[in-house]
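Please read the structure below before turning to the comments.
The values are calculated or read from the model by the stated rules, or taken from the named source; none is laboratory data. Worth saying up front: this structure is predicted, and the values here are computed from it rather than measured. No Cβ is skipped: glycine too gets one built from the backbone with ideal geometry, and neighbour counts run over all protein chains shown.
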Amino acid sequence: MPVGAGAPVVPTRRAVFVDRDGTLNPDLHYLKDPSRLEVNRGVGEALRLARAHGYLVICVTNQSGIERGYYTADDVERIHRRLNELLAPEGARVDAFYYCPHAPERGCACRKPGTQLFEDAGRDWGIDFATSAVVGDRALDVEAGRRIGLLTCLVRPRGHEAEIDREIAASTAAPDIRADSFGAAVYRVLARG
Ligand SMILES: [Mg+2]
Ligand SMILES: [Zn+2]
(Lines give C-alpha, C1' and ligand atoms only; values in the text may rest on other atoms or scores of the structure.)
(Ligands and ions follow the chains in the order given, each with its own letter.)
Protein backbone atom coordinates (compact mmCIF):
# COMPACT_ATOMS: atom_id res chain seq x y z
CA MET A 1 0.00 0.00 0.00
CA PRO A 2 1.47 3.41 -0.91
CA VAL A 3 2.55 5.71 1.87
CA GLY A 4 -0.31 7.98 2.95
CA ALA A 5 -3.06 5.74 1.61
CA GLY A 6 -5.67 5.29 4.31
CA ALA A 7 -9.00 3.59 4.67
CA PRO A 8 -11.63 4.55 2.08
CA VAL A 9 -13.25 7.84 3.03
CA VAL A 10 -16.83 7.43 4.19
CA PRO A 11 -18.98 9.92 2.28
CA THR A 12 -20.46 12.30 4.83
CA ARG A 13 -21.05 15.61 3.10
CA ARG A 14 -24.49 16.80 2.09
CA ALA A 15 -25.11 18.44 -1.24
CA VAL A 16 -27.86 20.12 -3.15
CA PHE A 17 -27.41 19.06 -6.76
CA VAL A 18 -28.88 21.67 -9.06
CA ASP A 19 -29.73 21.63 -12.72
CA ARG A 20 -28.60 24.70 -14.67
CA ASP A 21 -30.84 25.74 -17.59
CA GLY A 22 -34.43 26.35 -16.53
CA THR A 23 -33.47 25.96 -12.87
CA LEU A 24 -30.66 28.39 -11.92
CA ASN A 25 -31.19 30.53 -15.02
CA PRO A 26 -33.81 30.94 -17.72
CA ASP A 27 -33.31 28.33 -20.44
CA LEU A 28 -32.16 30.39 -23.43
CA HIS A 29 -31.46 27.25 -25.53
CA TYR A 30 -27.81 26.68 -26.36
CA LEU A 31 -26.65 29.85 -24.62
CA LYS A 32 -23.10 30.76 -25.70
CA ASP A 33 -22.76 34.43 -24.72
CA PRO A 34 -22.16 34.93 -20.96
CA SER A 35 -23.43 38.52 -21.15
CA ARG A 36 -26.95 37.18 -21.84
CA LEU A 37 -26.97 35.05 -18.69
CA GLU A 38 -29.43 35.91 -15.92
CA VAL A 39 -30.02 34.18 -12.60
CA ASN A 40 -33.59 33.24 -11.71
CA ARG A 41 -35.27 35.15 -8.90
CA GLY A 42 -34.57 33.77 -5.44
CA VAL A 43 -31.72 31.50 -6.54
CA GLY A 44 -28.91 33.51 -4.93
CA GLU A 45 -30.64 33.71 -1.55
CA ALA A 46 -31.52 30.00 -1.60
CA LEU A 47 -27.98 28.92 -2.50
CA ARG A 48 -26.50 31.19 0.17
CA LEU A 49 -28.82 29.58 2.72
CA ALA A 50 -28.04 26.03 1.56
CA ARG A 51 -24.32 26.64 1.92
CA ALA A 52 -24.85 28.30 5.33
CA HIS A 53 -26.56 25.04 6.37
CA GLY A 54 -23.49 23.08 5.33
CA TYR A 55 -24.67 21.86 1.94
CA LEU A 56 -22.37 21.81 -1.05
CA VAL A 57 -23.97 23.21 -4.19
CA ILE A 58 -23.13 21.04 -7.20
CA CYS A 59 -24.46 21.87 -10.65
CA VAL A 60 -24.97 18.96 -13.07
CA THR A 61 -25.95 20.00 -16.58
CA ASN A 62 -26.47 18.47 -20.03
CA GLN A 63 -24.63 20.58 -22.61
CA SER A 64 -25.12 18.72 -25.88
CA GLY A 65 -24.47 22.02 -27.68
CA ILE A 66 -20.77 21.15 -27.37
CA GLU A 67 -20.97 17.98 -29.45
CA ARG A 68 -23.48 19.60 -31.79
CA GLY A 69 -20.90 22.33 -32.43
CA TYR A 70 -23.02 25.25 -31.21
CA TYR A 71 -20.41 26.22 -28.63
CA THR A 72 -17.23 24.88 -27.05
CA ALA A 73 -16.33 23.52 -23.63
CA ASP A 74 -14.55 26.85 -23.02
CA ASP A 75 -17.81 28.71 -23.73
CA VAL A 76 -19.60 26.52 -21.20
CA GLU A 77 -16.92 27.18 -18.61
CA ARG A 78 -17.20 30.92 -19.26
CA ILE A 79 -20.93 30.70 -18.58
CA HIS A 80 -20.20 28.91 -15.31
CA ARG A 81 -17.70 31.55 -14.20
CA ARG A 82 -20.24 34.25 -15.08
CA LEU A 83 -22.93 32.46 -13.08
CA ASN A 84 -20.73 32.57 -9.99
CA GLU A 85 -19.92 36.25 -10.66
CA LEU A 86 -23.66 36.98 -10.69
CA LEU A 87 -24.17 35.00 -7.47
CA ALA A 88 -21.24 36.54 -5.57
CA PRO A 89 -22.98 39.81 -4.57
CA GLU A 90 -25.65 37.68 -2.88
CA GLY A 91 -23.03 35.76 -0.91
CA ALA A 92 -23.77 32.62 -2.94
CA ARG A 93 -21.86 30.34 -5.27
CA VAL A 94 -21.92 27.00 -7.00
CA ASP A 95 -19.11 24.89 -5.56
CA ALA A 96 -18.60 22.81 -8.69
CA PHE A 97 -20.01 22.31 -12.16
CA TYR A 98 -20.20 18.97 -13.96
CA TYR A 99 -21.40 18.89 -17.56
CA CYS A 100 -22.10 16.29 -20.21
CA PRO A 101 -20.86 17.50 -23.62
CA HIS A 102 -22.50 14.70 -25.63
CA ALA A 103 -25.48 14.56 -27.95
CA PRO A 104 -28.26 12.22 -26.78
CA GLU A 105 -27.65 9.82 -29.72
CA ARG A 106 -24.26 8.90 -28.26
CA GLY A 107 -25.97 7.10 -25.39
CA CYS A 108 -23.27 8.16 -22.91
CA ALA A 109 -23.49 7.49 -19.18
CA CYS A 110 -23.02 11.14 -18.19
CA ARG A 111 -26.04 12.74 -19.87
CA LYS A 112 -28.93 12.98 -17.39
CA PRO A 113 -30.87 10.86 -16.58
CA GLY A 114 -27.54 9.02 -16.50
CA THR A 115 -25.89 9.24 -13.12
CA GLN A 116 -22.19 9.30 -14.04
CA LEU A 117 -21.67 12.98 -13.20
CA PHE A 118 -23.42 12.59 -9.84
CA GLU A 119 -21.17 9.63 -9.09
CA ASP A 120 -18.09 11.63 -10.12
CA ALA A 121 -19.13 14.53 -7.87
CA GLY A 122 -19.91 12.13 -5.04
CA ARG A 123 -16.41 10.71 -5.26
CA ASP A 124 -14.70 14.09 -5.69
CA TRP A 125 -16.46 15.69 -2.73
CA GLY A 126 -17.30 12.78 -0.40
CA ILE A 127 -21.06 13.23 -0.76
CA ASP A 128 -23.63 11.09 1.05
CA PHE A 129 -26.48 10.79 -1.47
CA ALA A 130 -28.96 9.63 1.19
CA THR A 131 -28.84 13.04 2.91
CA SER A 132 -28.57 15.05 -0.32
CA ALA A 133 -31.09 16.34 -2.83
CA VAL A 134 -31.51 17.39 -6.44
CA VAL A 135 -33.50 20.36 -7.73
CA GLY A 136 -34.38 20.49 -11.42
CA ASP A 137 -37.02 21.50 -13.91
CA ARG A 138 -37.36 18.37 -16.03
CA ALA A 139 -38.22 14.68 -15.71
CA LEU A 140 -34.61 13.74 -16.49
CA ASP A 141 -33.40 15.61 -13.39
CA VAL A 142 -35.90 13.74 -11.23
CA GLU A 143 -35.07 10.41 -12.89
CA ALA A 144 -31.32 10.84 -12.34
CA GLY A 145 -31.91 11.80 -8.71
CA ARG A 146 -34.12 8.77 -8.09
CA ARG A 147 -31.60 6.40 -9.61
CA ILE A 148 -28.87 7.57 -7.27
CA GLY A 149 -31.01 7.89 -4.14
CA LEU A 150 -31.42 11.65 -3.79
CA LEU A 151 -34.44 13.52 -2.48
CA THR A 152 -35.91 14.83 -5.73
CA CYS A 153 -37.43 18.29 -6.17
CA LEU A 154 -39.17 19.58 -9.27
CA VAL A 155 -39.63 23.28 -9.99
CA ARG A 156 -41.52 23.83 -13.24
CA PRO A 157 -40.47 26.93 -15.16
CA ARG A 158 -43.26 29.46 -15.57
CA GLY A 159 -45.14 29.00 -18.82
CA HIS A 160 -44.02 25.37 -19.18
CA GLU A 161 -46.10 23.82 -16.40
CA ALA A 162 -48.38 21.71 -18.62
CA GLU A 163 -45.50 20.50 -20.78
CA ILE A 164 -43.49 19.40 -17.73
CA ASP A 165 -46.53 17.73 -16.17
CA ARG A 166 -46.99 15.67 -19.34
CA GLU A 167 -43.31 14.76 -19.31
CA ILE A 168 -43.44 13.65 -15.67
CA ALA A 169 -46.66 11.69 -16.22
CA ALA A 170 -45.05 9.86 -19.15
CA SER A 171 -41.95 8.96 -17.12
CA THR A 172 -41.38 6.80 -14.07
CA ALA A 173 -40.03 9.84 -12.28
CA ALA A 174 -42.45 11.16 -9.68
CA PRO A 175 -40.64 13.85 -7.68
CA ASP A 176 -40.64 13.73 -3.87
CA ILE A 177 -41.23 17.48 -3.75
CA ARG A 178 -42.97 19.80 -6.18
CA ALA A 179 -42.31 23.45 -5.41
CA ASP A 180 -43.45 26.70 -6.98
CA SER A 181 -40.01 28.27 -6.92
CA PHE A 182 -36.36 27.32 -6.58
CA GLY A 183 -36.27 28.98 -3.17
CA ALA A 184 -39.29 27.03 -1.96
CA ALA A 185 -37.65 23.77 -3.10
CA VAL A 186 -34.42 24.53 -1.26
CA TYR A 187 -36.30 25.50 1.93
CA ARG A 188 -38.08 22.13 1.83
CA VAL A 189 -34.70 20.38 1.50
CA LEU A 190 -33.25 22.33 4.44
CA ALA A 191 -36.37 21.66 6.54
CA ARG A 192 -35.71 17.92 6.21
CA GLY A 193 -32.77 18.51 8.60
MG1 LIG B 1 -33.16 22.19 -17.01
ZN1 LIG C 1 -22.25 12.52 -21.77
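Which pairs have Cβ atoms under 6 Å, sit 6 or more apart or on different chains, and link a residue in the range 98-113 that is without any contact (Cβ under 8 Å) to a residue 40 or more places away in the chain and assigned to a loop (DSSP other than H, G, I, E, B) to one that is within 15 Å of ligand 1 (Cβ to nearest atom) and among the hydrophobic types (A, V, I, L, M, F, W, C)?
Partner pairs satisfying both residue conditions: C110/C100; C110/L117.
T131 versus (1) more than 16 Å from ligand 2 (Cβ to nearest atom); (2) under 27 Å from H160 (Cβ atoms): which is the lone unmet condition?
(2)
If you take the residues of the range 6-52 that are over 18 Å from G159 (Cβ atoms) and part of a strand (DSSP E or B), which of them is nearest to ligand 1 (Cβ to nearest atom)?
V18
Is it true that some residue in the range 83-97 is within 16 Å of ligand 1 (Cβ to nearest atom), modelled with pLDDT of 95 or more and assigned to a helix (DSSP H, G or I)?
Scanning the range 83-97 turns up at least one residue that is within 16 Å of ligand 1 (Cβ to nearest atom), modelled with pLDDT of 95 or more and assigned to a helix (DSSP H, G or I).
In the range 14-42, what residues are of a type outside the set (F, W, Y) and touching a Ser or Thr at 6+ places or on another chain (Cβ under 8 Å)?
R14, A15, V16, D19, R20, D21, N40, R41, G42
Specify which of the listed residues (V186, V155, V142, V94) is in contact with a Phe, Trp or Tyr (Cβ under 7 Å, 6 or more places away or on another chain) and away from ligand 2 (no atom under 16 Å from the Cβ).
Being in contact with a Phe, Trp or Tyr (Cβ under 7 Å, 6 or more places away or on another chain) and away from ligand 2 (no atom under 16 Å from the Cβ) holds for just one of V186, V155, V142, V94, which is V155.
Which of the residues spanning the range 29-40 are under 17 Å from the mean Cα position of the chain (by Cα), surrounded by fewer than 14 Cβ atoms within 10 Å (Cβ to Cβ) and modelled with pLDDT of 90 or more?
Passing the criteria: only E38.
Residue check, Y71 against (1) within 17 Å of the chain's Cα centre (by Cα); (2) away from ligand 1 (no atom under 14 Å from the Cβ); (3) surrounded by 13 or more Cβ atoms within 10 Å (Cβ to Cβ), all met but one. Which one?
It fails just one condition, (1).
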